[in-house]
Amino acid sequence: MSAYSILEAYLEQPNVWDEMFSAEGIRPPYKNFVSAIENLPPVEMTHKDDLAKKLFMSQGITFTVYNSGEGIEKIFPFDIIPRIIRNEEWKLIEAGIKQRLKVLNVFLKDIYHEQFILKDAIVPADLIFSCPAFLREMMNVNVPFDIYTHIAGVDLIRDSDGSFYVLEDNLRTPSGVSYMLENRSITYRIFPDLLPKNNVLSVKDYPDLLFKNLINIGRQNTHDPTVVLLSPGIYNSAYFEHSTLARLMGIELVEGRDLVVDNHKVYMKTTKGLQKVDVIYRRVDDEFIDPLVFRPDSMLGVPGLYWAYRKGNVAIVNAMGNGVADDKAIYSYVPDMIRYYLNEEPILKNVPTYQLANQEEREFVFANMERMVIKKTNESGGYGMLIGSAATQKEMDTFKEDILKDPRSFIGQPIISLSSTPCYINGFLQPRRVDLRPFALYGPDGIDIVPGGLTRVALKEGSLVVNSSQGGGSKDTWVLA
Amino acid sequence: MLSRVAETIFWLGRYMERTNGMLQVIRTSYISSQDEVSDYSWQPLLLTYGNLKKEAVKGLDESSLLIFDQLIFNRENPSSIFNNVTTSRENARAIQDHITKEVWQCLNDYYHAIRDVQLEKQIKFADPISVIDNLIKYCFLYTGTMDMTMPRGEGFTYLNIGKFLERAVLTTDVIRIKLSEINYELEEQEEAPEWKYLLYSLYGYEQYFKIYRGNFKPEFVLQMVLQNTFYPHSILYSLEQVDLYFKRLRTASLPASYQEVEFIIGKTMNAVKYRKIDSFEPGEFNKYLLELRSSLFQIAQSFSKNYFGIS
């Protein structure tokens, strides 16, 4: 009988790309790491796991779930085993995301101005005009430096053939970057020396890069701009992220009630009267941002903000109306956009997507539903989704009915298997499925992507859903030098 | 500084000071109830911090455990230590970018500690004083961490204004709690142990005996807790600190706002500083304390109106 090995429960899964194992054994980027932990007694690993949880709790990296009156503090589940990416792979990812963002940004400017892409019939016009995130209010608004997508969190997955696919371009108010930063700082506490020994690239520049961009955007109007972060407040589940980013950048964290618009200029209410605001990094969704123009019942926004923005008196990051570019139905046209605007071939692949408004494609999807994922085009967080292989006949029938009522609001995609990576669960390494969300920053000087990102992991065995609202967790993500 | 942030940080200072003050007075009251005072009554304390009607207080008076539960752990009592700490942490969370990470973690740890169910068990089955001491230590840790790590900007200023204003209110309340136990009979009750426990409750017992060398007179006790500016829990000391921190705000204020608050702080300080302690008529002292209390609330209201944008 051989001694205990942390790897003994790691079972091979057919048709799944494993980030750590190949047919030849452990993949080179993981070798160093595995040799450092494989002989640790299980009690030590469990100790590290507990330490990580304790650190999250005592640092208050938590969100509060309010039910039955008293708030309960929860931590976003963290798996201590890092996900490791080779430098060559990272370079490909970086180039692919830059290409995509450049194009999506041009697309947004085009859609909200001349609409050449519709006139040339590359993207069907009715798809755009039926998209609820398309804002007529943004037509002919000139945004500073023509940048719409200042912060993007592009979701990537790896299929069984080992190649990366883009699953979603999150261009509205993507979140999770604070977990990229915190996961790293927890990792060096629980695995001393392992980061430098493995030549892991640092992610700590993110707040500096973001701040530099925000300041540069504000310089269009004034030499010394005032930048604020607009948050919905402490009850928002991403509040920890908002306050962390504000603190790391040294900018004011404001709520809607702290701001007021006078004569199309935005001010914050201070102890010394009103102070002008030049740039707003907002973490409030479009529909809540100005009750005079969008949802009138919103208490999170600022009345009059839209007109101040439209007149160019304040910069808003990200721009309003970006949802038209990351709509799940419009997503399938991104490769065509890349060819149309840049005359290049896409570096990163798209997942094949069927438009359910198209009768032929819909019939195909209906006939093959058990091999499909059906998603609502304007929902996120793992809501409004059906995975055919795991659904009952009844669930499929309900979805079919809903689709027939409003086919534009649904798309179908073949089930992508998602690569697996080791997680430390119950004393052993076990494979779980992951995606990857790198964060890209688009400023007047160009696009920066810090080497790393948020690896989200589906902690339930066999699950393909990584969203935190559906029982997902996260991991530190190492990009090797 | 944002008005909302200034207000939140001001209240953070107040809640934490109140937590510490309340714990100390609960601790002393418990000791005195166990020690030498026969028929000790918790009534004045319960009426001040228990959020209860007079009839409800009567039922609690017999059992220290019920009293601890009401004053420390009760979620329904908005003045309980539990709710003070929870609100402090909630306030800290809302202005996390204006306090240091160290201060935040300290409050966060306190919050997790007070929610620990073991604590209630310890108070029930072990020594309540150790539990209270432990909770007081968290307050000291917070005060030290704040002092060591916070930048001396506007945030620190509002935090301290809140802290010292609350301390003045606390001292006023503790004097009223302790003296109501002897029905404000200042002269007749010279020998009463309440005077000693008043000093204990305000961390002043040792200092008193250093100054007055064993000469125990109610007049001296009152002089110390009201007017001694070398004693950090006296009302005048606390007001001088409020004034000191407030003056730092001059350049960060609108002139009219500054003047209004400056006036009311100065007026309240004078009412303490120039009041002769030996000239109170019978029954007048309680009235004086009540007036003082309302002046302290006027200072708070004046901040709300002029600095926190609440009219």
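The values are calculated or read from the model by the stated rules, or taken from the named source; none is laboratory data. As the structure is a computational prediction, the values presented were derived from the model and not from experiment. Note that each Cβ is placed from the backbone with ideal geometry, even for glycine, and that neighbours are counted across all protein chains shown.
Observations on the model:
- The listed residues are B:PHE164, B:PHE125, B:PHE140, and the only one of them that is out of contact with any Lys or Arg (no Cβ under 9 Å at 6 or more places or on another chain), under 27 Å from B:SER64 (Cα atoms) and modelled with pLDDT of 95 or more turns out to be B:PHE140.
- Which listed residue is acidic (Asp, Glu), outside any loop (DSSP other than H, G, I, E, B) and under 12 Å from A:ASP326 (Cβ atoms), from A:ASP126, A:ASP110, A:ASP155: A:ASP155
- For the stretch A:129-152, the set of residues classified as part of a helix (DSSP H, G or I) and in contact (Cβ under 8 Å) with a residue 12 or more places away in the chain consists of A:GLU137, A:MET138, A:PRO144, A:PHE145, A:ASP146, listed by residue number.
- All positions within the stretch B:82-105 that are of a type in the set (Asp, Glu) and within 9 Å of another protein chain (Cβ to nearest Cβ): B:GLU90, B:ASP97
- Subset tally (residues that are crowded, with 17+ Cβ neighbours inside 10 Å, more than 12 Å from chain B (Cβ to nearest Cβ) and among the aliphatic types (A, V, I, L, M)) for the stretch A:47-63: 1
- Qualifying residue in the stretch A:368-379 (condition: of a type outside the set (Lys, Arg), assigned to a helix (DSSP H, G or I) and either under 22 Å from A:ILE111 (Cβ atoms) or in contact with a Pro (Cβ under 9 Å, 6 or more places away or on another chain) (or both)): no
One line per residue, one yes/no per condition, for (1) crowded, with 20+ Cβ neighbours inside 10 Å; (2) in contact (Cβ under 8 Å) with a residue 40 or more places away in the chain; (3) over 30 Å from B:GLN118 (Cα atoms); (4) hydroxyl-bearing (Ser, Thr, Tyr):
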| site | (1), (2), (3), (4) |
| --- | --- |
| B:ILE136 | no, yes, no, no |
| B:LEU141 | no, no, no, no |
| B:THR145 | no, yes, no, yes |
| B:PHE164 | yes, yes, yes, no |
| B:ASN183 | no, no, yes, no |
| B:GLN189 | no, no, yes, no |
| B:PRO193 | no, yes, yes, no |
| B:LEU198 | yes, no, yes, no |
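- For the stretch B:40-47, the count of residues that are closer than 29 Å to B:GLY155 by Cα and in contact (Cβ under 8 Å) with a residue 12 or more places away in the chain is zero.
- When the stretch B:169-207 is filtered for residues that are more than 17 Å from B:PHE280 (Cβ to Cβ), in a helix (DSSP H, G or I) and of a type in the set (Phe, Trp, Tyr), the ones remaining, listed by number, are B:TYR197, B:TYR200, B:TYR205.
- When A:ASP169 is tested against (1) of a type outside the set (S, T, N, Q); (2) farther than 19 Å from A:ILE280 by Cβ; (3) modelled with pLDDT of 95 or more, exactly one condition is not met: (3).
- If you go through the stretch A:261-281 and keep only what is at the interface with chain B (Cβ under 10 Å from one of its Cβ atoms), crowded, with 17+ Cβ neighbours inside 10 Å and assigned to a strand (DSSP E or B), you end up with A:MET268, A:LYS269, A:THR270.
- Residue in the stretch A:178-189 that is over 22 Å from the mean Cα position of the chain (by Cα) and at negative phi present: yes
- Against the numbered list (1) of a type in the set (S, T, N, Q); (2) buried (at least 18 other Cβ atoms within 10 Å of the Cβ); (3) not in a helix (DSSP H, G or I), A:SER332 comes up short only at (3).
- Only one of B:PHE164, B:PHE82, B:PHE125, B:PHE140 that is touching a Ser or Thr at 6+ places or on another chain (Cβ under 6 Å) and aromatic (Phe, Trp, Tyr): B:PHE164
- The single condition from (1) more than 17 Å from the chain's Cα centre (by Cα); (2) in contact (Cβ under 8 Å) with a residue 60 or more places away in the chain that B:TYR203 fails is (1).
- Number of positions in the stretch B:272-311 that are within 14 Å of chain A (Cβ to nearest Cβ), on the phi < 0 side of the Ramachandran plot and surrounded by 13 or more Cβ atoms within 10 Å (Cβ to Cβ): 7
- Qualifying residue in the stretch B:209-226 (condition: among the charged types (D, E, K, R) and modelled with pLDDT of 95 or more): no
- In the condition set (1) surrounded by fewer than 24 Cβ atoms within 10 Å (Cβ to Cβ); (2) at pLDDT 95 or above; (3) within 14 Å of chain A (Cβ to nearest Cβ), B:ILE9 is compliant with all but (1).
- Residue within the stretch B:233-246 that is within 14 Å of chain A (Cβ to nearest Cβ) and either outside any helix (DSSP H, G or I) or modelled with pLDDT of 95 or more (or both) present: yes
- Once the stretch A:8-24 is narrowed to residues that are more than 11 Å from A:GLY162 (Cα to Cα), surrounded by 15 or more Cβ atoms within 10 Å (Cβ to Cβ) and of a type in the set (A, V, I, L, M, F, W, C), the residue that is modelled with the lowest pLDDT is A:PHE21.
- Every listed requirement among (1) at pLDDT 95 or above; (2) of a type in the set (A, V, I, L, M, F, W, C); (3) more than 26 Å from the chain's Cα centre (by Cα) is met by A:LEU274 save one, (1).
- Residues in the stretch B:260-287 that are over 15 Å from B:SER302 (Cβ atoms) and of a type in the set (Asp, Glu): B:ASP278, B:GLU281, B:GLU284.
- Of all residues in the stretch A:100-118, none are over 19 Å from the mean Cα position of the chain (by Cα) and either at pLDDT below 95 or of a type in the set (Gly, Ala, Ser) (or both).
- Considering the conditions (1) touching a residue at least 40 places away in the same chain (Cβ under 8 Å); (2) touching a helix residue (DSSP H, G or I) at 6+ places or on another chain (Cβ under 6 Å); (3) not in a helix (DSSP H, G or I), A:LEU253 is excluded by exactly one of them, (1).
- Members of the stretch B:247-266 found to be of a type in the set (Phe, Trp, Tyr) and within 12 Å of chain A (Cβ to nearest Cβ), listed by number: B:TYR258
- Contact map, the stretch B:278-306: first residue assigned to a helix (DSSP H, G or I), second residue modelled with pLDDT under 95 and acidic (Asp, Glu), Cβ cut-off under 7 Å, separation 6 or more or different chains; pairs are B:ASP278/B:GLU219.
- Enumeration of residues in the stretch A:228-250 that are of a type in the set (A, V, I, L, M, F, W, C) and not in a loop (DSSP other than H, G, I, E, B): A:VAL228, A:LEU229, A:LEU230, A:PHE240, A:LEU245, A:ALA246, A:LEU248, A:MET249
- A:PRO174 falls short of the stated requirement of being away from chain B (no Cβ under 14 Å), at pLDDT below 95 and in a helix (DSSP H, G or I).
- From the list B:ILE264, B:ILE310, the one residue that fits, being part of a loop (DSSP other than H, G, I, E, B), over 18 Å from the mean Cα position of the chain (by Cα) and farther than 19 Å from B:ASP173 by Cα, is B:ILE310.
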